[in-house]
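Remarks on the structure that follows.
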Amino acid sequence: MNAIVVLCHFCELHGPRTLFCTEVLHAPLPQGAGSGDRPGQSEQAEEEEGGIQMSSRIHSHSPAEGASADSSSPGPKKSDMCEGCRSLPAGHPGYVSHDKETSIKYVSHQHPNHPQLFSIVRQACVRSLSCEVCPGREGPIFFGDEQHGFVFSHTFFIKDSLARGFQRWYSIITIMMDRIYLINSWPFLLGKIRGIIDELQGKALKVFEAEQYGCPQRAQRMNTAFTPFLHQRNGNAARSLTSLTNDENLWACLHTSFAWLLKACGSRLTEKLLEGAPTEDTLVQMEKLADLEEESESWDNSEEEEDKPPSQADGREGGELTKSPTDSTLLSDCGSWNVASRSQSVFRSLRHLRQILGPSSFRMLAWHVLMGNQVIWKACDRDLVQSAFDVLRTMLPIGCVRIIPYSDKYEEAYRCNFLGLSPHVHIPAHILSSEFTVLVEVRSATRSSLYPVLFDDDQPLGKYEFVVTSGSPVAADRVGPTILNKIEAALMNQNLSVDVVDQCLVCLKEEWMNKVKVLFKFTKVDSRPKEDTQKLLSILGAAEEDNVKLLKFWMTGLSKTYKSHLMSTVRSPTSSESRN
């Protein structure tokens, strides 16, 4: 998080002062901010906590303290500082923590070394202890602007037996330029800073009570009411915070607390890029999840009334059919599968599948997948069939996918467009000869019949050969749908990694789903004539036969939410008036 945390104090002699600040450095440390380690110099012991490594370099000098600083140092002069205005002793370099995970450095000293940052901190300090105060003068408040940054300030009192009113005024402020981020971090900052303040006040209270017990100041001041106030305290008008808390390691503890606060506050919130409305895949997933929740509730109710197992329920049409009798046996066998074999991804990606099947067979298979035809895999290895379906389904919108992973009988095309069968299952002859079906048979193969890429005996596919047949084979010179040509071009481009190809698929599907939405509204909602539809398809670049078939099939994958929204918009009175 690009912010700075500062401890401020209202000195009775010099007014608002900054005592201690911790800032984030993404670049190498500036000269004088903990970079004074030279060969032969020793460092104090380093401590690690929460992935942050802390060290205090003792041989460098701090310009902010006036010990060996230039006249251009933004810090106050030594003559303008008293014990109450000073945190680190003269010559102390400050503290540096190294975050090993992000290579970020957290640097603590009394004043920021950068003049512009010093001015921003100084102004925030003055405002937090003067005009920007919450009721009661103790508590959190937010203020700031675009030019000087935005500030979360929490003021509080520390007990001091020698101070006016027996207490001194402090504040802990957090400064950053991102207003929204700071406001969203308010609950987190309030809780953590309140914990730091409670610890400081608890230590100071113990010291205050001990001093009052040994030498009560209230009675002594009453007896010398007409003596000048500053002389009553025997010259101890200003006391350091370490003296008030009796903690010599106070600044090191504050450094670790502030550094952790910056790290934790920066990692608790992440930004997400939202590009418009949810995609159709997201809407379909939400609808399927809602349907599953409703079904589970209905099953629970039916079990209470009739005590019937949910496996007897019929599978729903239009979703993934995982509740048919064949699927129940599949699910019961899942627990007995070898975990090691399941961890092997048989088909790792579309590119891998294309290498195994060959370009022509893959094009035929992909064409049938995109057109919505039934894809049948016959194999003994269920993992192989499942991995093939997992890879092929990435080419389709989620709403167009209906899978029966493995069955002991043939299922009609209206129930699923991806069907896995065992080798002995009989497929009707009219299905095998149909132009709307493609069959992939996985057979045991000898070494001589294998593809060259499968010569490695360690490969899971080394014992199989794949035969792709269809009643309507795709000619090699056929243009095919535009999206298929783009997918093949991406798969053949070896400069694109698998992850990049996956993102290309997402973009292509979203592009064509937008065309599907336009066509659905044009034809189903507005009921335009065929001539206008042909003109629209030409504008969309989808006038070819294969592209039209693809759009009509993908139209079945539109979410119910989108369809109902369009229909309600058309039927509303305002829309009808605008159309007239």
*asked:* For the stretch 119-141, give me the residue count where each residue is surrounded by 16 or more Cβ atoms within 10 Å (Cβ to Cβ) and assigned to a helix (DSSP H, G or I).
replied: 9
*Looking only at the stretch 72-90, decide whether some residue is in a strand (DSSP E or B) and either open to solvent by 70 Å² or more (accessible area, probe 1.4 Å) or at pLDDT below 50 (or both).*
no
_Yes or no: the stretch 258-271 includes at least one residue that is at pLDDT below 85, farther than 29 Å from Y410 by Cα, touching a Ser or Thr at 6+ places or on another chain (Cβ under 8 Å) and open to solvent by 40 Å² or more (accessible area, probe 1.4 Å)._
yes
*Give the number of residues within the stretch 368-425 that are farther than 22 Å from Q503 by Cα, among the acidic types (D, E) and free of Cβ contacts under 8 Å to residues at least 60 places away in the same chain.*
2
*Give the residue that is farthest from the chain's Cα centre (by Cα), with candidates limited to residues of the stretch 479-498 that are open to solvent by 70 Å² or more (accessible area, probe 1.4 Å) and more than 29 Å from L537 (Cβ to Cβ).*
Q494
_All positions within the stretch 125-151 that are among the small types (G, A, S) and over 16 Å from R194 (Cβ atoms)_ = S130, G144, G149
*Within the stretch 510-542, considering residues that are of a type in the set (V, I, T) and in contact (Cβ under 8 Å) with a residue 24 or more places away in the chain, the one surrounded by the most Cβ atoms within 10 Å (Cβ to Cβ)*: V516
_Give all pairs with beta carbons closer than 6 Å in which a residue from the stretch 549-569 that is at pLDDT below 80 meets a residue that is in a loop (DSSP other than H, G, I, E, B) and open to solvent by 60 Å² or more (accessible area, probe 1.4 Å); count only pairs at least 6 apart in sequence or on separate chains._
none
_Here are the criteria: (1) within 30 Å of D499 (Cβ to Cβ); (2) at pLDDT 90 or above; (3) surrounded by 19 or more Cβ atoms within 10 Å (Cβ to Cβ). Tell me which single one F347 does not satisfy._
(2)
*Inside the stretch 162-184, can you point out the residues that are part of a loop (DSSP other than H, G, I, E, B) and surrounded by fewer than 21 Cβ atoms within 10 Å (Cβ to Cβ)?*
L162, M177, D178
_Every residue in the stretch 371-412 that is in a strand (DSSP E or B), open to solvent by 10 Å² or more (accessible area, probe 1.4 Å) and out of contact with any Gly (no Cβ under 9 Å at 6 or more places or on another chain), please._
none
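The values are calculated or read from the model by the stated rules, or taken from the named source; none is laboratory data. All values derive from a computational prediction rather than experimental measurement. We place every Cβ from the backbone using ideal geometry, glycine too, and count neighbours over all the protein chains shown. These accessible areas exclude ligands, DNA and RNA; they are computed on the full protein's heavy atoms, side chains included. Shrake-Rupley method; radii C 1.70, N 1.55, O 1.52, S 1.80 Å.
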